[in-house]
Amino acid sequence: MRKTKVKAIFRGLNNSCGYKTNSEYTLIIHHRKNSFIQIEKPNGDGYCDYGSIISFLENWDNVRRINN
């Protein structure tokens, strides 16, 4: 499993997976072999799953990588 740290603005539904719409977050993205993307929930209680990069980008904007 590979991890990437990014900053991004959440554009999804308010409170979905614990995120607030139009707020910026530091995310840790987990890349899985089966092409699924997981990001750690903001409260540290599990993950939010995305089935593709397209579904991730439908919910997140201004995504940029930051140094680990």
Cβ-placed point charges (K, R +1; D, E -1), dipole of the chain about Cα centre in debye, nearest 20: 320 debye
Okay, helix-only estimate at 222 nm for the chain: each DSSP H run of n ≥ 4 adds -39500 (n - 2.57), divide by all residues, round to 500 deg cm²/dmol; what do you get? -2500 deg cm²/dmol
I need the Kirkwood Rh of the chain: take the reciprocal of the average 1/r across all distinct C-alpha pairs and report it in angstrom. 12.0 Å
Assuming 0.36 nm per residue, please report the length gained on full extension of the stretch D45 to L57 beyond their Cα-Cα distance. 2.1 nm
Could you work out the relative contact order of the chain? I mean the mean sequence separation of Cα pairs under 8 Å and 6+ apart, divided by the number of residues, in percent. 38 percent
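Each value in this text was obtained by applying a stated rule to the coordinates, not by laboratory testing. All values derive from a computational prediction rather than experimental measurement. Neighbour counts run over all protein chains shown; Cβ positions are idealised from the backbone, glycine included.
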